[in-house]
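Have a look at the structure below before the remarks.
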Amino acid sequence: MKIASAPCSYGVHGHSTIDLPPAELLTAMAAAGYTGSELGPPGFFGTPEETARVFADNGLTVVAAYVPLHLSLSDEAMAADLAGMRHTLEELRASGNPDARAVLADEGDDALRADPWRAPGERGLDRAGWQRAAERIAAACEVVRSYGVTPTFHPHYATYVEQAQEIDTLLELTDVGLCLDSGHFALGGAEPAEYAAKYADRINHVHVKDVRHAVVAEAKAAGNTDLEDWWSQVSCPLGEGDVALTGFLAALAAGGYDGWLVIEQDRAAVTPQTWDETAAHQLHNREWLSRAL
């Protein structure tokens, strides 16, 4: 298994920016011993050609890129998602990695962002909503494959594909590969090792993430529904949270997974003042995972 990093481990999310040249993230990843990384938001490292060049200059493989989809919103919103996805696919195609992944994920909606706490089976998609979601995922996968890229789907906290039953439904209704993120699965109530064994034949991408359930519990107790306010505190250095990562990694190996392991530690945007701590955490994460393997 090969170990990669991701810009979110340096606080790059969605359309966010950082107070440092983006290429410095790749230089730091290479110095910490990583051999690959996911991409940031579209255009974060420049044009598709510039992106391929800066990755190659740092000896890093472009592993994957995140693609948000609004599975529950209007056809117009979904059309905009598919149009925006094409820039990301150009970057992945230009990278020259034939095994790169387009990591599809639901984006939820305003109702979930305003109230992210859901009990199992509560406020999920109805039958028509699931059928529409499956059709949209199939359409997205068709576009992804037309670029010579492999799609995978990432169940994600505070979306409509979050909980164990929702992951099961997704995989029943589609043929898309599964991106198993140990942190998001744990937060959604899907035990990572169990799902690594259950869907060994569907897993084609992996995010290794550790999380602290207490941060979520405290936000819920305080009625703080602003994920942007506390999300960067949920993820933590590997081995310091509540995810049973050793069992998860063992289950992946037993199931025959031999792809990239992408370490993600979602953080607030890195600054010159927090750079040393951030870089130290990412070195720790790579060394921790290397030892665990």
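Yes or no: Q233 surrounded by fewer than 20 Cβ atoms within 10 Å (Cβ to Cβ) and not in a strand (DSSP E or B)? Yes: the conditions hold for Q233. Can we say V103 is in contact (Cβ under 8 Å) with a residue 60 or more places away in the chain, crowded, with 20+ Cβ neighbours inside 10 Å and under 20 Å from the mean Cα position of the chain (by Cα)? When the stated conditions are applied, V103 passes them.
Here V234, V161 are screened, and the one residue that is under 30 Å from C141 (Cα atoms) and in contact with a strand residue (DSSP E or B) (Cβ under 7 Å, 6 or more places away or on another chain) is V161.
A residue that is at pLDDT 95 or above, in contact with an Asp or Glu (Cβ under 7 Å, 6 or more places away or on another chain) and closer than 30 Å to P151 by Cβ occurs somewhere in segment 243-258. Counting the residues of segment 202-217 that are assigned to a loop (DSSP other than H, G, I, E, B) and without any contact (Cβ under 8 Å) to a residue 40 or more places away in the chain gives 2. If we scan segment 7-30, do we find a residue that is exposed (fewer than 15 other Cβ atoms within 10 Å of the Cβ), farther than 27 Å from L283 by Cβ and under 17 Å from the mean Cα position of the chain (by Cα)? Yes. For beta carbons closer than 6 Å, sequence separation of 6+ or different chains, a first residue in segment 60-77 that is in contact (Cβ under 8 Å) with a residue 24 or more places away in the chain and a second that is polar (S, T, N, Q) and in a loop (DSSP other than H, G, I, E, B), the qualifying pairs are T61/N97; V62/S95; V62/N97. The single condition among (1) surrounded by 22 or more Cβ atoms within 10 Å (Cβ to Cβ); (2) among the hydrophobic types (A, V, I, L, M, F, W, C); (3) part of a helix (DSSP H, G or I); (4) touching a residue at least 60 places away in the same chain (Cβ under 8 Å) that F185 does not satisfy is (4).
When segment 33-43 is limited to residues that are in contact with a helix residue (DSSP H, G or I) (Cβ under 8 Å, 6 or more places away or on another chain) and surrounded by fewer than 18 Cβ atoms within 10 Å (Cβ to Cβ), the one that is nearest to L104 (Cα to Cα) turns out to be G43.
When segment 44-74 is filtered for residues that are part of a loop (DSSP other than H, G, I, E, B) and crowded, with 16+ Cβ neighbours inside 10 Å, the ones remaining, listed by number, are F44, F45, N58, L60, V63, H70, L71, S72, L73. Scanning segment 133-159 for residues that are out of contact with any helix residue (DSSP H, G or I) (no Cβ under 7 Å at 6 or more places or on another chain), crowded, with 22+ Cβ neighbours inside 10 Å and either among the aromatic types (F, W, Y) or outside any helix (DSSP H, G or I) (or both) gives T152, H154.
Can you find, within segment 119-132, the residue that is nearest to the chain's Cα centre (by Cα) among those that are basic (K, R) and either buried (at least 18 other Cβ atoms within 10 Å of the Cβ) or assigned to a helix (DSSP H, G or I) (or both)? Once the filter is applied, the top-ranked residue is R132.
Every condition in (1) within 23 Å of W230 (Cβ to Cβ); (2) of a type in the set (A, V, I, L, M); (3) touching a residue at least 60 places away in the same chain (Cβ under 8 Å) holds for A119 except the one numbered (3).
Looking at segment 258-268, is at least one residue loosely packed, with under 15 Cβ neighbours inside 10 Å, out of contact with any His (no Cβ under 6 Å at 6 or more places or on another chain) and part of a loop (DSSP other than H, G, I, E, B)?
Looking through segment 258-268, at least one residue is loosely packed, with under 15 Cβ neighbours inside 10 Å, out of contact with any His (no Cβ under 6 Å at 6 or more places or on another chain) and part of a loop (DSSP other than H, G, I, E, B).
Among residues of segment 8-33 that are more than 30 Å from H70 (Cα to Cα) and part of a loop (DSSP other than H, G, I, E, B), those with a Cβ under 9 angstrom from a residue that is of a type in the set (S, T, N, Q) and at pLDDT 95 or above, sequence gap 6+ or separate chain, pair up as A32/S5; A32/Q282; A32/N285; G33/S290.
The values are calculated or read from the model by the stated rules, or taken from the named source; none is laboratory data. Not measured: the values here are computed from a predicted model. Positions of Cβ are generated from backbone atoms using ideal geometry, with glycine treated the same way; all protein chains shown enter the neighbour counts.
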